[in-house]
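Here is the structure we will look at, set down as structure tokens.
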Amino acid sequence: MRAAPARLWRRLDWRGLALASTGISWISYGASLTAQPRYGTVRGITVLLDIMPMTAWGWGWIGCGLLCLAYCCSPAGRDLPGLAGAIAPPLLWSLAYALGWVSGASSTAWGAVAPWASHALLILIIARVTRRKLIVPVVRYGE
């Protein structure tokens, strides 16, 4: 019975765990956006609502979450679509809040810029630290 969790952890590892937890989070957040978006969110991302309605953005978050889950057990280097699905929504939200603040749509939108951007940064850090190491011999000429 202990072999199954060990086998799953070998497939998942920290990188996959980050993608899986992000995927679950994005699906849950997207569902809340489609069901009943909060007033502050709607005000903060006004610039995006000119492009698509909130329901469509919610489905975008859900789609990115599913992408994260689909690639969470893939080896490093083959999980790039999952990493893109983990990074793109918070970066887009961060940009939207920044534009919402600059445009005057929401005077408090600036407070959401760093939290959303930091999640994308954490995923990038995890991806960098857990990348597959290639062993290449050092060749020195002239010795």
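The values are calculated or read from the model by the stated rules, or taken from the named source; none is laboratory data. Computed from a prediction, not measured in an experiment: that's the story for all the values here. Glycine also receives a Cβ, built like all others from the backbone with ideal geometry; neighbour counts cover every protein chain displayed.
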## Note on the structure
Filter the range 48-88 for residues that are touching a residue at least 40 places away in the same chain (Cβ under 8 Å) and part of a loop (DSSP other than H, G, I, E, B); the one that is surrounded by the fewest Cβ atoms within 10 Å (Cβ to Cβ) is GLY77
### Filter result for LEU91 (more than 12 Å from the chain's Cα centre (by Cα), over 16 Å from PRO37 (Cα atoms) and assigned to a helix (DSSP H, G or I))
no
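Can you work out which of the residues in the range 94-110 that are within 20 Å of TRP61 (Cβ to Cβ) and part of a helix (DSSP H, G or I) is nearest to the chain's Cα centre (by Cα)?
Selected residue: SER94.
Kindly indicate whether THR41 is modelled with pLDDT under 90 and not in a loop (DSSP other than H, G, I, E, B).
Details: modelled with pLDDT under 90: yes; not in a loop (DSSP other than H, G, I, E, B): yes.
Yes: the conditions hold for THR41.
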